Each structure stands twice: as C-alpha cells, then as structure tokens.
Amino acid sequence: MAFTKARELYQNTLSEIKEAGLYKEERVIHSPQGVDINVEFPAGDPAKEVINLCANNYLGLSSHPEVIKAAHEGLDKRGYGMSSVRFICGTQDVHSELERKLSDFLGTEDTILFASCLDANAGIFEAVLGEEDAIIADKLVHASIIDGIRLCKAQQYVYKHSDMAHLEQKLQEAQDARLRMIVTDGVFSMDGDIAKLDEIVALAEQYDAMVMVDDSHATGFMGKTGRGTHELKGVFGKVDIITTTLGKAMGGASGGCVSAPREMVDLLRQRARPYLFSNTMPPVIVSAALKVIDLISTTTELRDKLEDNTKYFRARMEEAGFDLKAGESPIVPVMLYNAKLAQDISRDIYQDGIFAVGFFFPVVAKGQARIRTQISASHERSHLDRAVEVFTRVGGKYDILGKGKKEIIAMYGK
Amino acid sequence: MNDIEKVKKDIIEFVINEFIDDEDEAEDIDENSALISSGIVDSFSMVSLKRFLEKKFELAIPDAKATPEAFDTVNNIIKLIDELKG
C-alpha cells in the first residue's frame with residue numbers, strides 16, 4: 001500500500017489542526033442560497049431554518065428569479081459545457097459580450113475572464129511583470145494575490161495596512177525598478193474597511209506607478225452606481241487594473257476577471273497560465289452574469305437597499321453595545337478578540353437561528369477574533385431586527401455589551 | 001552599547017517600523033519575541049525582512065536558510081547571520 005505512510009502523516013496533521021481548534025467543518029445547506037436557508041449542522045442533525053448573515057450575496061442575486069431565468073435561457077441557447085480552454089474553441093459570443101460589458105461597467109479599456117478571481121490574481125503578476133519590476137502590496141491583501149505575487153519574479157515590497165506614509169516610503173525605495181505596481185484590495189474582506197484609493201492614485205501619479213485593485217468585495221454595490229471602490233473614492237477611470245469576481249455580489253456562481261488597459265489584457269491572453277490551461281467559463285454562468293449587469297445598470301435599487309440595511313444594522317448593533325469595526329461596507333465585524341469567545345458566541349446565536357461564523361488566527365491576526373457578519377440587499381428589517389435581538393441576548397450572557405477591546409480582553413484574554 | 005546590542009536594536013527597530021501597527025505591541029517587542037510564529041511578521045512580509053538583513057549585513061541569505069524558524073526571533077536572526085558570516 002503506497003498510501004500507508006502518507007495516510008499516517010496526514011492523520012497526524014489533521015489531528016494537529018483539530019487540537020489547535022482550527023479544523024473547518026462544512027455546514028450543509030438544503031435550500032437555494034439566500035437570507036432564509038435550511039442548514040444541517042453539525043452533520044447528521046436535522047436541518048433547520050436560519051437567517052444567513054455570512055454570505056457574500058451582497059445584492060441578493062444568487063437566487064434572483066431573473067438571474068435564474070437568464071441562466072436557463074443560456075443553458076438552452078448556448079449549452080452546458082464548452083470542453084475547451086478559451087483560445088482553442090471555448091469562446092462564444094456571450095463570453096466576448098460579457099467582457100465588453102464588464103469593461104463598460106468598471107470603466108476600463110478591456111477585460112479578460114478567468115474561472116475565478118483567485119485565478120485572475122494568480123495569473124496576472126508573472127504574466128505582466130519581470131525581475132526588473134516592483135510590486136508594492138498592502139499587508140492585508142487577499143491570499144490569492146499573495147500567491148500570485150509569489151509566482152512572479154518582481155521585487156516585492158509590503159506596506160503597513162492602509163498606511164500611506166509607509167506606501168510612499170516603499171515607492172521611493174522602488175524608484176529604480178522598471179515598472180512599479182501598487183496592489184491593494186478595494187474592500188478588505190476581514191475588516192470590511194475600504195482602501196484609500198484616492199490617496200493611492202495620487203501617490204501612484206507622483207511616483208509613476210500602476211495601481212491594481214482587487215474589488216471582489218465591492219463590485220456591484222460600492223459607489224453611487226455600484227461600480228466599485230474607485231467610484232466611491234472618486235477615482236473612477238483612474239485605477240489601471242481591477243480584478244474582481246462574479247462569485248459574490250454579481251450572482252455568486254463563479255468566474256472572475258482582470259479589467260485593464262488593452263495591451264495588458266492582450267498580454268494576459270497570451271501568457272496568463274490559468275487562462276491558457278483552464279477551461280472557459282460555462283455559458284450558463286456567462287449568460288446569467290450578463291443579466292446581472294443589466295439588472296444593476298438599470299437601477300441602483302438593490303445597492304441602495306444594501307446601503308440602508310448596512311447603516312441600520314450597524315446603528316442597531318452599536319446601540320446594543322457591540323464593539324464593531326468601523327466602516328461603511330456591508331462587512332460588519334463584531335469584535336470579540338478571543339478565539340474561544342468568538343466560537344462560543346457563533347455557536348449560541350446559531351442555536352437561536354442566526355448563522356454567522358467566528359474568525360480567528362491564522363485567518364485574522366492573533367487577538368483580533370471576531371464574528372464577521374455580512375449584510376445583503378435581500379435582508380428585510382425583520383431579519384436584521386431578529387439578528388440584533390439574538391446577538392444582544394447572547395452578548396448579555398457573556399457580559400460584553402458596552403465593553404471595548406481592553407475590557408473584553410481583560411475578561412477573556414487574547 | 002556594544003556592536004551586537006546595536007545590531008539587535010536596529011533589527012527590532014526595523015520590525016517595529018515595518019510591521020507593527022499598535023503602539024502597545026511595539027513596546028513588548030524584544031530580542032526573544034516570536035516574530036513569525038506569533039503572526040507579527042507573516043510569510044509575505046518575511047521577504048522584506050530578508051532584504052533588510054541582506055542589505056544591512058552585505059550578504060545573501062540562501063532561500064534554504066531563510067526559514068520561519070531562523071527568522072522567528074531577533075536572537076535566531078543573529079545566530080543565522082553569524083553562521084553565514086562564518
């Protein structure tokens with residue numbers, strides 16, 4: 001048995017993960033994605049109705065009737081699979097149309113689709129930068145960007161999270177490089193805070209650098225017409241490169257893209273390995289994504305409701321005495337600092353029908369444990385009121401209401 | 001202050017300036033503080049720590065030597081530098 005030795009090794013590793021309290025278990029959902037879902041957890045327990053506060057379904061489009069209809073039509077008209085990468089025989093009219101529409105929506109020259117934004121981030125750097133160039137990244141960029149940067153030979157610089165003075169210092173250090181690229185998330189997924197894109201763009205102009213933003217947690221709803229962080233920060237059309245996903249607000253199925261100047265997109269079509277060696281996006285998802293762009297380009301109703309919901313939930317949770325990470329994105333982290341406390345509260349609110357997950361080291365820094373809640377345009381006030389009510393009851397049980405970082409750490413430790 | 005103490009101080013200062021956001025945490029950093037295993041310096045940021053050391057000590061740290069263990073404390077780093085300087 002060739003696997004015997006490996007099995008033992010993997011069993012030990014898995015035990016270590018479990019002992020460290022870091023073992024991840026899947027919660028099985030027996031319904032379409034939405035705000036009211038039917039969840040089986042722990043495995044084997046009878047499934048129950050809970051309010052979902054942890055999906056990236058910001059606009060509530062994951063199971064939207066018009067999106068589902070467009071997916072059905074796409075399936076009928078363009079088939080199920082393409083059995084090809086893009087450049088052999090995997091490009092249909094709908095793929096090109098989606099790339100054009102994404103460019104218009106994001107305000108860029110051109111767009112190239114990938115199977116996911118992880119693929120977009122993994123593929124971009126090594127395709128367009130070499131060892132003569134420099135990448136200057138925010139410390140808290142998404143894991144897929146870090147992986148992409150590792151695959152690339154460019155010099156790497158890291159600046160402290162959203163610290164513009166530190167970024168400027170790194171830009172100065174990298175002045176000898178042939179090309180410079182500043183890399184940041186638009187909305188940071190763990191804290192829900194927003195990159196200072198206006199200042200970043202100004203520094204980029206001063207120090208002759210390109211700007212790349214991963215706007216996965218922003219596309220579709222940040223900014224007045226939902227174009228993203230660049231619209232919110234008044235630099236629409238001034239960010240060189242946007243990578244983003246169709247797997248969150250934009251229908252939530254899968255797929256991602258790089259939206260950038262024409263020559264860069266063209267180069268990616270020649271060189272980006274996840275584009276060259278992985279299947280094309282399925283026509284059914286492409287067709288539904290086209291509908292999503294139509295829907296959110298016609299009216300801002302959904303992103304407006306999301307903004308209202310976010311303000312309402314933040315205000316009510318603060319009123320109740322929770323320590324929230326400040327911000328205006330629909331990612332609302334309830335800060336608990338201690339990993340066990342985050343797990344206990346997550347478990348207790350789940351008992352009462354509220355589904356939101358605890359995050360702790362190594363997903364976030366030590367002593368920064370939290371429950372990350374995410375608001376959706378599909379939430380009604382009744383959902384949010386119920387969530388606040390349950391959170392408040394459980395928060396009272398652990399005596400953390402009205403308490404800040406120092407007090408909570410004094411009671412529970414880091 | 002002798003040379004070795006000055007070097008330690010320089011490395012600690014670099015770590016604080018480059019990686020620490022919270023002033024309270026900055027005060028706690030000394031030559032025995034865990035930098036990598038505590039998450040202060042993540043593997044992504046290790047690259048800039050490595051570059052700083054290479055520049056400061058005018059040597060090349062082979063990738064095989066630039067392990068999380070070797071970089072975990074300022075004392076470990078000094079040990080590694082001594083070894084490389086031979």
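The values are calculated or read from the model by the stated rules, or taken from the named source; none is laboratory data. The structure presented is a predicted model; accordingly, all values stated were derived computationally and were not measured. Here Cβ is always computed from backbone atoms with ideal geometry, including for glycine, and neighbour counts include all displayed protein chains. Heads up: the accessible areas ignore ligands, DNA and RNA and are worked out on the full protein's heavy atoms, side chains in. Shrake-Rupley method; radii C 1.70, N 1.55, O 1.52, S 1.80 Å.
Couple of notes before you dig in:
- Averaging 1/r across all pairs of distinct Cα atoms in the stretch A:1-159 and inverting the result yields a Kirkwood radius of 20.7 Å.
- Couplings 3J(HN,Hα) for the stretch A:283-293, derived from phi with the Karplus relation 6.51 cos²θ - 1.76 cosθ + 1.60 (θ = phi - 60°), are x, 5, 6, 4, 5, 5, 5, 4, 5, 4, 4 Hz, where x marks Gly and Pro.
- Cα-Cα separations in the protein assembly as shown greater than 43 Å, expressed as whole percent: 19
- Contour minus Cα-Cα distance for A:R150 and A:E199 (0.36 nm per residue): 15.0 nm
- Dimensionless Rg over Rh [the stretch A:326-400; C-alpha; Kirkwood]: 0.96
- 10 Å Cβ neighbours from other chains, averaged over peptide A:153-160: 4
- Distance (nanometres) between label positions extended 7 Å along Cα→Cβ at A:K366 and A:L14: 2.9
- Peptide-level mean, for B:38-47, of C-beta atoms on other protein chains within 10 Å: 5
- Which listed pairs, of A:K160/A:K196; A:K18/B:K50; A:K170/A:K224; A:K340/A:K366; A:K139/A:K170; A:K340/A:K406, have C-alpha distances above 21 Å, in listed order: A:K18/B:K50; A:K170/A:K224
- Helical runs assigned H by DSSP (4 residues or longer) give chain A a calculated mean residue ellipticity at 222 nm of -13500 deg cm²/dmol, each run adding -39500 (n - 2.57) before division by the residue total.
- Of A:G148, A:M181, A:A202, farthest towards positive along the dipole that unit charges on Lys, Arg, Asp, Glu beta carbons give the stretch A:142-206: A:G148
- In degrees, nearest ten, helix A:4-19 long axis to first principal axis of chain A (Cα): 60
- Charges were assigned to the Cβ only: +1 to each Lys and Arg, -1 to each Asp and Glu. The resulting dipole of chain B about its Cα centre is roughly 660 debye.
- Most fluctuating residue given options B:D72, B:D28, B:D42, as computed from a GNM of chain B linking Cα atoms under 10 Å: B:D28
- Of the solvent-accessible surface of the stretch A:295-414, computed with a 1.4 Å probe over protein heavy atoms with every protein chain present, carbon and sulfur atoms account for 51 percent.
- In this simple spin-label approximation, B:R51 and A:I409 carry label points 7 Å from Cα along the Cα→Cβ vector, and these lie 3.0 nm apart.
- Total charge dipole magnitude, the stretch A:289-344, about the Cα centre, Cβ charges on Lys, Arg, Asp, Glu only, Debye to nearest 20: 160
- Chain A contacts chain B over a buried accessible area of about 1400 Å², both sides summed; the probe is 1.4 Å and only protein chains count.
- Angle between chain A longest axis and helix A:262-271 axis [Cα atoms, degrees, rounded to 10]: 80
- Between the stretch A:28-62 and the stretch A:347-407, the Cα center-to-center distance that results, in Å: 16
- Given charges at beta-carbon only (K, R positive; D, E negative), |dipole| of chain A in Debye: 780
- For residues of A:137-143, the mean tally of beta carbons on other chains within 10 Å: 2
- Normalised by the number of residues in chain A, the mean separation of alpha-carbon contacts (under 8 Å, six or more apart) gives a relative contact order of 20 percent.
- Of the solvent-accessible surface of chain B, computed with a 1.4 Å probe over protein heavy atoms with every protein chain present, carbon and sulfur atoms account for 49 percent.
- Placing unit charges on each Cβ (+1 for Lys and Arg, -1 for Asp and Glu) gives the protein assembly as shown a dipole about its Cα centre, and among A:N56, A:T244, A:S96 the Cα reaching farthest toward its positive end belongs to A:S96.
- Taken per residue, the accessible surface of the protein assembly as shown reaches 46 Å², heavy atoms only and a 1.4 Å probe.
- Top positive-direction residue, dipole computed over the protein assembly as shown with Cβ charges, set A:V211, A:C257, A:V284: A:V284
- Annotation: amide H of A:V183 within the under-5 Å range of A:I136, A:A137, A:D138, A:M212, sequence separation 5 or more or interchain, hydrogens built in the peptide plane.
- Of all accessible heavy-atom area on the stretch A:1-148, the percent that carbon and sulfur account for (1.4 Å): 54
- Whole-angstrom gap from the stretch A:97-171 to the stretch B:25-40, using each part's C-alpha centre: 29
- Looking at the protein assembly as shown, the DSSP beta bridges with both ends there are about 60 percent antiparallel.
- Whole-Hz couplings from phi, Karplus 6.51/-1.76/1.60, listed for the stretch A:52-60; x for Gly and Pro: 8, 10, 9, 8, 8, 7, 4, 9, x
- Crossing angle, helix A:339-351 versus chain A [Cα axis fit, 0-90 degrees, rounded to tens]: 80
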